[in-house]
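Notes follow once the structure below has been shown.
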Amino acid sequence: MTGFLSYLLFFATIASIFAIATLGLNLQWGFSGQFNAGVAGFIAVGAYTQAILTASASHEYVSGFALPFPIALAASIAATAAVAIAVGLITIRLRTDYLALATYGIAASIQLLLLNLDSITGGGKGIISIPRPFGSLPPLGFTAAFLGLAGCLLVASYVALERLVRSPWGRVLRAIREDEAAAETAGVPTARYKLVAFTLSGLVPGMVGGLAALRSGYFEPQQIFSPTISFTVVAMAMIGGSDTVRGATMGAAFLVLLSELLWANLPELYMILLGLLLIGFVLFAPGGLDELLRRSATR
């Protein structure tokens, strides 16, 4: 029974972390029409910042600052926001496919940079000995406490984004997404709005990277830089509903559950089902699970 409870808590933690990442992408893609295909690069910045500021001193990479994890997590968010501002300034005039290619290329560049800065990041070896919050607790207690941390950050992110997108600022973002030229004609400074949205969305992957580093206590570059991470977050947004805050959490929970059920033993079936689901939602329910929920509620 204890093992099953521990697994449920672990599942809920992973779903919460992915839901936070999907919320950030939804603000960028679903509400302002900026498709970021390089989410993994931003997550990596947050993870490395968290690890460097909290890991034990090592001669192989910069570390030993021994900052408390809340301060390091805030620094991870700030570092990712700074990167998002820089990337946003470079790509702000790009649209659709061009923006996706540019953000993917920038994420790949971040990957190569971090992998080759051996004396700072540990290179291909990654970073170990990252102090975990609640690490003195027994395994079940640690899992429950970390779920509480991830859950609180998810709720805070959800409430903040929900208020943002329902505000006049959020309505302007939707107008830019629907017809940027018309918004500019109406006097809206579209570049500034898009840059702010891109930056706010960049805060979220930094939080996700910091949480990922804290949960495991170590990481290898392959865990952070896997191209499937960016694809998974995009798939969660599409399945849940890319223009709703509620859809992000539903898409993350659904896809994490599907992965847990199939990936370990039947990875090929998981990929086939995922592809069919994406095609089905694009063709029959572009609003994702949120749209299906609204349809069922009106019947």
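Assorted remarks:
- Looking only at segment 101-126, and only at residues there that are over 17 Å from the mean Cα position of the chain (by Cα) and of a type in the set (Ser, Thr, Tyr), the one that is farthest from residue 233 (Cα to Cα): 119
- Annotation for segment 138-145: at least one member residue is without any contact (Cβ under 8 Å) to a residue 24 or more places away in the chain and open to solvent by 70 Å² or more (accessible area, probe 1.4 Å).
- Qualifying positions in segment 12-38 - more than 10 Å from residue 237 (Cβ to Cβ) and at pLDDT 90 or above: 12, 13, 14, 15, 16, 17, 18, 19, 20
- Yes/no for residue 260 being of a type outside the set (Lys, Arg), touching a Phe, Trp or Tyr at 6+ places or on another chain (Cβ under 7 Å) and open to solvent by 30 Å² or more (accessible area, probe 1.4 Å): yes
- Applying a threshold of 6 Å to beta carbon distances and a minimum spacing of six or more residues, or different chains, the list of pairs starting in segment 185-196 at a residue that is modelled with pLDDT of 90 or more and ending at one that is of a type outside the set (A, V, I, L, M, F, W, C) and in a helix (DSSP H, G or I) reads 190/180; 190/184; 195/88.
- Scope segment 146-181; condition of a type in the set (Phe, Trp, Tyr) and open to solvent by 30 Å² or more (accessible area, probe 1.4 Å); matching residues: 158, 169
- Identity of the residue in segment 124-137, out of contact with any strand residue (DSSP E or B) (no Cβ under 9 Å at 6 or more places or on another chain) and within 16 Å of residue 73 (Cβ to Cβ), that ends up least open to solvent (accessible area, probe 1.4 Å): 133
- Residue 33 vs. criteria outside any helix (DSSP H, G or I), over 26 Å from residue 152 (Cα atoms) and in contact (Cβ under 8 Å) with a residue 24 or more places away in the chain: yes
- Any hit, segment 77-89, residues being in a loop (DSSP other than H, G, I, E, B) and surrounded by 14 or more Cβ atoms within 10 Å (Cβ to Cβ): no
- The set of residues in segment 197-222 that are open to solvent by 50 Å² or more (accessible area, probe 1.4 Å) and touching a residue at least 24 places away in the same chain (Cβ under 8 Å) comprises 200, 203, 215, 218, 220.
- Selection over segment 32-56 of residues that are among the hydrophobic types (A, V, I, L, M, F, W, C), open to solvent by 10 Å² or more (accessible area, probe 1.4 Å) and under 13 Å from residue 122 (Cβ atoms) gives a count of 1.
- Counted residues, segment 227-256 - those being in contact (Cβ under 8 Å) with a residue 24 or more places away in the chain and open to solvent by 80 Å² or more (accessible area, probe 1.4 Å): 2
Listed here are the residues, each with its yes/no results for (1) within 26 Å of residue 116 (Cβ to Cβ); (2) touching a Leu at 6+ places or on another chain (Cβ under 6 Å).
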site	(1), (2)
6	no, yes
9	no, yes
16	no, yes
32	no, yes
42	yes, no
56	yes, no
63	yes, no
68	no, no
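- In the condition set (1) open to solvent by less than 30 Å² (accessible area, probe 1.4 Å); (2) within 14 Å of the chain's Cα centre (by Cα), residue 288 is compliant with all but (2).
- Residue 228 being under 17 Å from residue 43 (Cα atoms) and β-branched (Val, Ile, Thr): yes
The values are calculated or read from the model by the stated rules, or taken from the named source; none is laboratory data. This one's a predicted model, so the numbers in the text were calculated from it and none came from an experiment. Quick reminder, even Gly has a Cβ in these numbers, built from the backbone with ideal geometry, and neighbours come from all protein chains shown. Areas reflect the complete protein model, heavy atoms only, side chains present, ligands, DNA and RNA absent. Shrake-Rupley method; radii C 1.70, N 1.55, O 1.52, S 1.80 Å.
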